[in-house]
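Here it is: the structure, laid out below.
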Amino acid sequence: MKFFADTSDLDAIKDLADCGMLDGVTTNPSIIAKSGKEFIPLIQEICKICDGPVSAEVASTDFATMMKEGEKLAGIAENIAVKVPLTEAGLKVCKNLSDNGTMVNVTLCFSPLQALLAAKAGATFISPFVGRLDDIGQTGMDLIAEILTIYDNYPEFYTEVLVASVRHPQHIRESALMGADVVTCPPAVIKKLYKHPLTDNGLAAFVEDWKKTGQSIL
Ligand code: E4P
């Protein structure tokens, strides 16, 4: 399963890359606004750190302007995945960009039928938002299970299921058990995966016992 970093924080992206935990990066307009930085130069910087797909989202909602924005974003680097919303116009942009060989990440997916449309439009990635469904009292991971089943039924679909709006390790665990292709996570959530109290306790005991031997490996 691939790990994408759901952030534009360059230090956090570098940190994950150094640990071998970075397969791609996703951004959205809210993440860019939070960074306080210029969009295009920031995406250029991210593409220098990350060889994998870097999602950069269009800002408009009409077909013609989204196409122009998508083509500009695609020109930033070869590993750009243009992110478009799951609307009729967004999927038309998806179809056009995909036909021209550009990776497209279709975002704001909240239903399995929307995911079906995205696959038919040639999306490279579909981004179902599990956390936001949980927030309204639904079970976000049920959506992932349904999309995976539908995509498995049709081998001609190559769209990867990119689990988005991940809030905690349980989302990642369930995604891995279901066989989702990608999870995009805030770096803080990935950091939590390292932690286990038995690891901490066990290591503390090993360190103490090693001291008792009076030895040094180096
Ligand atoms: C990533 O592609 C999505 O934009 C992101 O995961 C949304 O996360 P949020 O629901 O926590 O804003």
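Applying the Karplus parametrisation 6.51 cos²θ - 1.76 cosθ + 1.60 with θ = phi - 60° to the phi angles of region 198-207, what ³J(HN,Hα) value in whole Hz is obtained for each residue in order, glycine and proline being reported as x?
Calculated HN-Hα couplings, in order: 5, 5, 4, 5, x, 5, 4, 5, 4, 4 Hz.
Amide H of GLU160 versus every other amide H placed in the peptide plane: which residues, excluding those fewer than 5 positions away on the same chain, fall under 5 Å?
Here the answer is PHE125, ILE126, since their amide H atoms fall under 5 Å of that of GLU160.
In addition: Using the 10 angstrom Cβ neighbour count as an exposure proxy, how do HIS196, HIS171 rank, fewest first? All intermediate terms of the calculation are to be shown ahead of the outcome.
Numbers: HIS196 9, HIS171 23.
Exposure proxy ranking, most exposed first: HIS196, HIS171.
Along region 92-107, what does the Karplus equation 6.51 cos²θ - 1.76 cosθ + 1.60 (θ = phi - 60°) give for ³J(HN,Hα), rounded to whole Hz, x for Gly and Pro?
Once rounded to whole Hz, the list reads 5, 4, 4, 4, 5, 5, 4, 4, 8, x, 8, 6, 10, 10, 8, 10.
Compute the long axis of helix 39-49 from its Cα atoms, compare it with the longest principal axis of the Cα atoms of the chain, and write down the angle in degrees, 0 to 90, nearest 10.
Relative to the chain, helix 39-49 is tipped by roughly 50 degrees.
Now a separate question. I'd like the orientation of helix 140-153 relative to the chain: the angle between its Cα long axis and the longest Cα principal axis, in ° from 0 to 90, rounded to 10.
That helix lies at roughly 60 degrees to the long axis.
Rg/Rh for the chain: what does it come to with C-alpha atoms and Rh from Kirkwood? Could the numbers behind the result be given before it?
Working: Rg = 19.6 Å, Rh = 18.4 Å.
Using Cα coordinates only, the ratio equals 1.07.
Is any residue of region 184-218 close enough, with backbone N under 20 Å, to a label point placed 7 angstrom from the Cα of ASP15 along the Cα-Cβ axis, and if so, which?
184-197, 200
What number does region 1-88 give for Rg over Rh if you use C-alpha atoms and the Kirkwood radius?
When Rh is taken as the Kirkwood radius, the ratio is 0.97.
Run the numbers on region 146-188 and let me know its relative contact order in percent, using alpha-carbon pairs under 8 Å that are six or more apart. Working shown, then result.
Details: 37 pairs, mean separation 18.4, N = 43.
It rounds to 43 percent for region 146-188.
Further, regarding this structure: For labels at SER216 and TYR194 in the simple 7 Å Cα→Cβ model, what's the distance in nm?
The modelled label-to-label distance comes out at 2.6 nm.
What is the local net charge at PRO29, summed over the other residues whose Cβ is closer than 11 Å to its Cβ (Lys, Arg +1; Asp, Glu -1)?
Details: positive: LYS34, LYS83; negative: GLU57.
Net charge around PRO29: +1.
Can you give me the C-alpha center-to-center distance between region 148-218 and region 98-126, rounded to a whole angstrom?
Each part reduced to its Cα centre gives a spacing of 26 Å.
A follow-up question, please. Given contacts defined as C-alpha pairs under 8 Å and at least six residues apart, what's the relative contact order of the chain, whole-number percent?
Values: 384 pairs, mean separation 36.1, N = 218.
17 percent.
What residues qualify as long-range amide H neighbours of THR26, i.e. H under 5 Å apart, gap of 5 or more or another chain, H built at 1.01 Å from N?
Long-range HN contacts for THR26: ALA5, ASP6, THR7, SER55.
Shifting gears a bit: Please give the net charge around GLU57, taking every other residue with its beta carbon less than 10 angstrom from that of GLU57, where Lys and Arg add +1 and Asp and Glu add -1.
On the way: positive: LYS83; negative: GLU69.
Its environment carries a net charge of 0.
Can you tell me which lysines have their Cα less than 23 Å from the Cα of LYS34? Leave out same-chain residues fewer than eight positions away.
LYS14, LYS48, LYS72, LYS83, LYS191, LYS192
Now for a separate question. How much length is gained if the chain between PHE63 and ASN153 is pulled fully straight, taking 0.36 nm per residue apart and subtracting their Cα-Cα distance, in nm to one decimal?
Full extension of this stretch gives 29.4 nm more.
Cut-off under 27 Å on the C-alpha distance; same-chain residues fewer than 8 positions from LYS211 excluded. Which lysines are left, in chain and number order?
Once the sequence-local lysines are set aside, what remains near LYS211 is LYS195.
The numbers here are math on the coordinates, done by the rules we state, and not lab data. Nothing here was measured: the structure is a model prediction, and the numbers come from that model. Backbone-built Cβ (ideal geometry, glycine too); neighbour counts: all protein chains shown.
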